[in-house]
Each structure stands twice: as C-alpha cells, then as structure tokens.
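This report concerns only the one structure given below.
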Amino acid sequence: MMRNTFNDKVKAGFVSALCLTFLLCAGVIAQEVSSSSSSGNGSGSSTATAQDNDTTGGYVIKSSIEFGVRLTAVRGNENKFDSDLNYKDGARLFDSSFYATTDDGDGKFFDSLLINGSGWGADPNGFVRIGMEKMGWYKFDSTIRRFSYFNNLLNFAANEHNRNTKHNMGDFDLTILPQNEFVKFRTGFSFDKNYGPGSATFDYDRDEFPIEYDFDTSTYDLRFGVDLSYAGYNFSFTEGYRNFNEDTSLFINDPQLGENPNPNASLDTFQRFMPIDGTTYYSKLTGHKYFKDVADISGRFIYSDTKTNFTLDEMLTGTDRMGNPITLDEFLSSGDSSRPNGYGDIGATFFVNDRIRISDTFGFNSYRISGGNTLLNTRMRTNPANVPLPTTTTNDLVWRFTNYRRYMNTIEGDVDVNRYFSFYVGYRYTNRKIELSGLDDDIINPNPSEFFEDDTNTTNTFLGGFKAKPIRNKWTINFDMEYGQGDNPFTRLANKDFIQFRIKNQITPMNDLSIGVSFEAKDNSNPGLSDTVPATNFAADVKSYVFGANFSYSPDPNFSLNGGYNYTYLNAETDVIFPITGAGFGQGMSIYNLRNNYGYVDTWFRPHPKITIFGAYRVSWDTGEGNDADYPNYWIYGNYPLTFQSPEIRGTLKLFSNVDWNIGYQFYDYSEKIDIGQNYRAHLPYTSVTVYLGRKD
C-alpha cells in the first residue's frame, strides 16, 4: 500500500517549488534593480545605505520567512506512520522570525517586537511566539501551539481504541512596569482545547462492543499577580481561576454483535452523554531573601479549591446474553466533588564559610477529596416471544471522602574541598497519613453501609554525590546517588524500596572536541501481599540501566561533527492474581523487557561560501529478550523487538544576499521483528525558500 504515486508527486511538487523559487527570485532581482535606479534618479535625495533599507519608522528590522512544500510517499502501514510521525503532503511554514527594535528605546508603541514560528501547514505540530516590550511600561509574551494527534495501532486494544484529534493551546502574559525595582503587576490568560473523533470499547452484559466517540475538552485560565521588592526582600502573589469542560459523547452508528461469540448479547443503539464542568480557584505566594554570606531563604505556599459537577445520560437497546430483547436500558446519574488542596515548602541555605553550606527544606501537602453521586438504572425487556418481562429499577447513592496529609524534610550538606573536588550528603524523611471513608445506600430500599480506614506511613532516604575535576578544564566527573524508600499512596500497598545512582563524565581533550560518557542505574522494588486467602506475594520489581556516550567536534566555523550512542536496559516484573473457576485464585507474572539501542551521527559543513550541507543518520533498535524467553503458562510477557532508522540530508544555496534555497530528503524505515502488518518505509522530500530582511553578507 502506498500513499499516491511517489514519482508523480515528486515531479509535481518539485516543479511547483522550482517555479515558486524562480518567481520569488525574479521579484527580488526586480526590487534590487528598482532600488538601484531610484537611488540614482537625480531627485536630490541622499544615497540609501544598507542600514536604511532595513529601517522602517525608526525600527531596525531583521526578519526571515521560510516556506515551501513537503511530500510524503509511504510504503507499508500508513496508519502506523501517521501514529508515529503524522507528516502530510502540502505547503508548510518552516522556521520563520520577525524582529524589530529601536536603537535608543524611544519607540512609539513598543521598543522591541519578536515573532517566530514554525510547523504550520503540513506538519503535525506548530507554534507561534510573540514577545513585545516597551521599556519601563510593559512586557507581553505569548505562545500558541497546535498538535495533530493520530493513533491507530494493530497491537493496541485489538485496533479498537483509536483517536484522530486536534490539540490547541496558548498562553498570554502581560507584565506592567517590568523594570521597576519595587513593584510589578502581572496578568495572564491560557486556553487548552482538545477535540476530534475516536473509537473505544464498551463492556456490557459479559461482552465487549466497539463504539465511537467525539472527544471534546476545553480549559481556560485567568490569573493576576503582583511582585514586590524592598530592602532585599522579594515577594510574589498570584491569584487565578481555571474552568474545565468536557462534552465528549459516545455512540454507535450501526448495530454491534460484540467481541464474544458465545453470549447472545448485542447492541442495536447506544449513546452516552456525560458533560463535566469544573472550576478551580488558586492562590500562590512566594518569598525570598538573601542575607549576604549568611543565609539564603525562600518559601512558597499554594492553595487551590476545585469543584466538579457531572451528569450522565446513557441509553441503549439490543439483546441480552439470554436472548431477550432490550427495549430500553437507561442510566441517569448526577454528582459533584470538591478538592481543597494546600502545598507549601520553605528552604534555607546557611553559609558556614566559603567552602561549607548546609541546607534544609521542609514541605507539606494536604488535601481533601469529597464527592458523591446518585445512579438510577431502568431496564425494560421482553422475552423472545415479545412478552414483556418485569422492569428492573435500581437507585443508588454513593459518597466518598479522602483525607491526605504528608510532611517531608530534606537536609543536605555541601563541601567544596578545593577547586578540584566537592561533595554532598543528605537525608530525606517523609510522613504521610491517609483516611478513607464512604457511604453506600439504596434509595428505593434504604440500607446504608458505611466504612472507614486509615493508614500512616514513613520513609527514609539517603542522598550523596560528588563533583571532581581530575584535570582542570579538561575532565569533569559528576556522581549522584539515592537509597531509601519512595512513597506513592496511589499505586502500591507498600513503600517502594529503591536505589539509584548516576555518573557523568565530560571530557574536553581539546578546545574543538567534547566527549561525554554517562551511566545511570535504578533498582525499584515494591514488596507486598495480596488480600486473597491464603495471601500470596504481590510485588513489583523494576530494574533499569542506561549507558550513554556522545561527542561534538567543531574544528573550524565551516565544519562540525556530532554523534552519540545510548543503551537502555529495562526489566519490569509484576505479580498478577487471577481467578480460576472452582479453584479460587492463581498466581502469574507480568513481564516487560526492553533492550534498546539508539545511535546518531550528524554533520554540518560549508564547502563554499554560498553552500551549506547538513547530513544525519539516526537509528533505534530494540532486541527485546531475543531467543531466551521461555516462560510458563499464566505469565504475561511483553517483548517488542523492532528497528527504526532515519537518514536525512539537506542543502542550502545562497542565491542572493537575502534569499536562500533549501532542498532536503528524509527517509524513515520502521520494522518490527514479529511482523503483524505495521512495518513501513516513508520518503519525505522537501524544498523551501528563505527570505531575509536585514541579513548582511
């Protein structure tokens, strides 16, 4: 399978690009000739200089815009290519910028304006950044980003969980009196919009049915703040409001028989609407003070209060697993929740002398989650002879409350032994407490059931590391290590015992050559027991090792060479408990192995003042467990050996002082060792023209 005809696309695309280049260059030549003629027409005006040509309205202008076309020709699985890269045919805006500034800061509306952007058009993502400033009065910064997300994989959820969405987001921030040393005012606005079609599955009556959905979420954020400084004390306060909405709908367009061939369940119609509306008010206060040669103290406190409301309306018709027609099965629900949250920390670094520093950071986090909902389910059926069966109705009330509190303190000492060696040691302590409570009740036949449980947990972690310079300005070694326990109340029933260390070497044998070598190791273990009878091991162990090496060589301004290699080893094992009909529970294991190699090399050189060439090769290959995998039944084994490589070459020809012509080609080759139809090869030629304003020879 191939996306259009490659040769036809190349011919048509490059002919169009060459015509565009010719027309643009002709326009530039005509403009230069016109400028030369007008400068010597005897009108009495002064001779225009190169600087004058780049000045408009008192602003010095420097700008570049690169636009062109990219073509894509894919042999193989196009859905996998789009899931990985999502490049499309057509015109695109490459890296472009516009910069205007005044020499003496006396611009009428602004003193500097910077606009840059990239990726608009045929790219899967793009951005625009705008920065504008008037010295002493205001500073404005904004960023708008766009992402096209596509996911359609044969080896994920039987190719039934897919998405093709657009994600747009932006941030706008304005500072009033940005250079004032005593007070600054800030305001900002952000948005986040995610929408598009997708597919999923719906579990119903011991079967699973493919469904479709229209994804639609949006978030808006408004904030105000002030910064105060006096006598070395710095304070910052921000007050904000955030609104979240989701209007995703789920449905089927045609009757569905389900994935399980044994039950008779089927769906004739299905739709679900579950609008969610949430608001968050938040406040943030920070402070900082530096006492010269004595201490450096900083702290912050963040408080937020989130409230959420939702409703559910789900209706379906079809047939249950017993073969009875369902005339209506409807779920109606409404509920709300709240989550006040407080987080704060304060840290102080004390300077014992020029070589010894002692720091201590204390932090706390506390939140409460409370919420509940009612659920009304009405089910109307007939038997196969179309005789009505009794209508069943359930009406439940559910309420849950979570109370979480954690304290954490880290103390650390840093010692600079001399200019060649320094080290640090530290200790981290955490203490958390969780309370869970709830209420379940039947509204039709009241029978309330309550529960309460709590837990307190502590962890201890030791830190250490050093920085050494065996050869000053030539070789630097950094080493960091942590050993102790991690604390995550949402994933495991016990602490995470871990040890991790990292060592990094930076070697500069000569001024134009830099070499880096690093190694990182992590060993995480989550011990635990299941709540089955009898109890069995229920643990998770993850071991990972990462080795990396890279170099950068730049002997002169016309040539550079870079390269690197990374090897990642990951072995994850998790106990699995599963039911066995008539025999209680059985124990298995879920295992995932990663043996990934990644290497790259790229070069840039200028063989002629008007020509620059860039070339690169990148390859990633995961060998997995190889042929050594031999596991017993009831073990879930994940192993995905594959190869992904991408060579690229790009050239730039300087046609005129302000015009460049770019041409390039990139190739992608994706290959899975166990071929399930997802392999592909993709050719991506592209060409563009860059026009500069303000560039000098």
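The values are calculated or read from the model by the stated rules, or taken from the named source; none is laboratory data. Since the model is a prediction, treat every value here as computed from it, not as a measurement. Neighbour counts run over all protein chains shown; Cβ positions are idealised from the backbone, glycine included. For the accessible areas, the whole protein counts, side chains as well, though only heavy atoms, and no ligand, DNA or RNA atoms are used. Shrake-Rupley method; radii C 1.70, N 1.55, O 1.52, S 1.80 Å.
Residue by residue, here is whether (1) assigned by TED's automatic domain parsing to the domain that holds PHE189; (2) β-branched (Val, Ile, Thr); (3) open to solvent by less than 50 Å² (accessible area, probe 1.4 Å) holds:
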position: THR219; (1), (2), (3): yes, yes, yes
position: GLY232; (1), (2), (3): yes, no, yes
position: PHE235; (1), (2), (3): yes, no, no
position: GLY240; (1), (2), (3): yes, no, yes
position: PRO255; (1), (2), (3): yes, no, no
position: ALA295; (1), (2), (3): yes, no, yes
position: GLU330; (1), (2), (3): yes, no, yes
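With the structure loaded, tell me whether ASN431 is open to solvent by 50 Å² or more (accessible area, probe 1.4 Å) and free of Cβ contacts under 8 Å to residues at least 40 places away in the same chain or whether it fails that test. Spell out how you get there, then give the answer.
Numbers: open to solvent by 50 Å² or more (accessible area, probe 1.4 Å): no; free of Cβ contacts under 8 Å to residues at least 40 places away in the same chain: yes.
Considered against the rule, which asks whether it is open to solvent by 50 Å² or more (accessible area, probe 1.4 Å) and free of Cβ contacts under 8 Å to residues at least 40 places away in the same chain, ASN431 comes out as no.
Can you run down the residue pairs with Cβ atoms below 9 Å, 6 or more apart or on separate chains, where the first is in the range 90-101 and farther than 16 Å from VAL128 by Cα and open to solvent by 30 Å² or more (accessible area, probe 1.4 Å) and the partner is aliphatic (A, V, I, L, M) and not in a strand (DSSP E or B)? Within 9 Å, the pairs are ALA91/ALA122.
Among the numbered conditions (1) crowded, with 16+ Cβ neighbours inside 10 Å; (2) in a loop (DSSP other than H, G, I, E, B), the only one that ASN155 does not meet is (1).
Given the options ASP480, ASP416, ASP455, name the one that is acidic (Asp, Glu) and assigned by TED's automatic domain parsing to the domain that holds VAL542. Sole residue among the options that is acidic (Asp, Glu) and assigned by TED's automatic domain parsing to the domain that holds VAL542: ASP480. Is it the case that ASP192 is in the same structural domain as LEU257 (by TED's automatic domain parsing), under 21 Å from TYR220 (Cα atoms), buried (at least 16 other Cβ atoms within 10 Å of the Cβ) and of a type in the set (Asp, Glu)? Yes, satisfied.
If you check THR308, THR269 for being at pLDDT 95 or above, polar (S, T, N, Q) and open to solvent by less than 50 Å² (accessible area, probe 1.4 Å), only one passes: THR308. Applying a threshold of 6 Å to beta carbon distances and a minimum spacing of six or more residues, or different chains, the list of pairs starting in the range 366-392 at a residue that is under 30 Å from ASN309 (Cα atoms) and ending at one that is of a type in the set (Ser, Thr, Tyr) and not in a strand (DSSP E or B) reads MET380/THR391.
Considering each residue of the range 616-652, count those that are at pLDDT 85 or above, more than 22 Å from TYR680 (Cα to Cα) and open to solvent by less than 60 Å² (accessible area, probe 1.4 Å), and give that number.
Here the count works out to 2.
All of (1) touching a Phe, Trp or Tyr at 6+ places or on another chain (Cβ under 8 Å); (2) under 30 Å from GLY105 (Cα atoms); (3) surrounded by 15 or more Cβ atoms within 10 Å (Cβ to Cβ); (4) in the same structural domain as LYS289 (by TED's automatic domain parsing) hold for LYS184 with one exception: (1). With the condition kept exactly as written, say whether any residue in the range 130-139 is buried (at least 16 other Cβ atoms within 10 Å of the Cβ), in a loop (DSSP other than H, G, I, E, B) and not acidic (Asp, Glu). Checking the range 130-139: not a single residue is buried (at least 16 other Cβ atoms within 10 Å of the Cβ), in a loop (DSSP other than H, G, I, E, B) and not acidic (Asp, Glu).
Scanning the range 653-678 for residues that are buried (at least 17 other Cβ atoms within 10 Å of the Cβ) and either farther than 28 Å from PHE98 by Cβ or under 28 Å from the mean Cα position of the chain (by Cα) (or both) yields GLN666, TYR668, TYR670, GLU672, GLN678. When you scan the range 110-119, do you find a residue that is modelled with pLDDT under 95, farther than 25 Å from ARG186 by Cα, crowded, with 16+ Cβ neighbours inside 10 Å and touching a strand residue (DSSP E or B) at 6+ places or on another chain (Cβ under 6 Å), even just one? Within the range 110-119, one or more residues are modelled with pLDDT under 95, farther than 25 Å from ARG186 by Cα, crowded, with 16+ Cβ neighbours inside 10 Å and touching a strand residue (DSSP E or B) at 6+ places or on another chain (Cβ under 6 Å). Checked against (1) more than 30 Å from ASP480 (Cα to Cα); (2) part of a strand (DSSP E or B); (3) out of contact with any Leu (no Cβ under 6 Å at 6 or more places or on another chain); (4) open to solvent by 60 Å² or more (accessible area, probe 1.4 Å), MET380 meets all criteria but (3). Residue count for the range 491-516, restricted to those that are modelled with pLDDT of 90 or more and open to solvent by less than 50 Å² (accessible area, probe 1.4 Å): 6.
Under the condition of being of a type in the set (S, T, N, Q) and in contact with a Ser or Thr (Cβ under 7 Å, 6 or more places away or on another chain), the residues counted in the range 376-390 number 3. When restricted to residues that are open to solvent by 40 Å² or more (accessible area, probe 1.4 Å) and under 26 Å from PHE498 (Cβ atoms), the range 437-471 contains 8.
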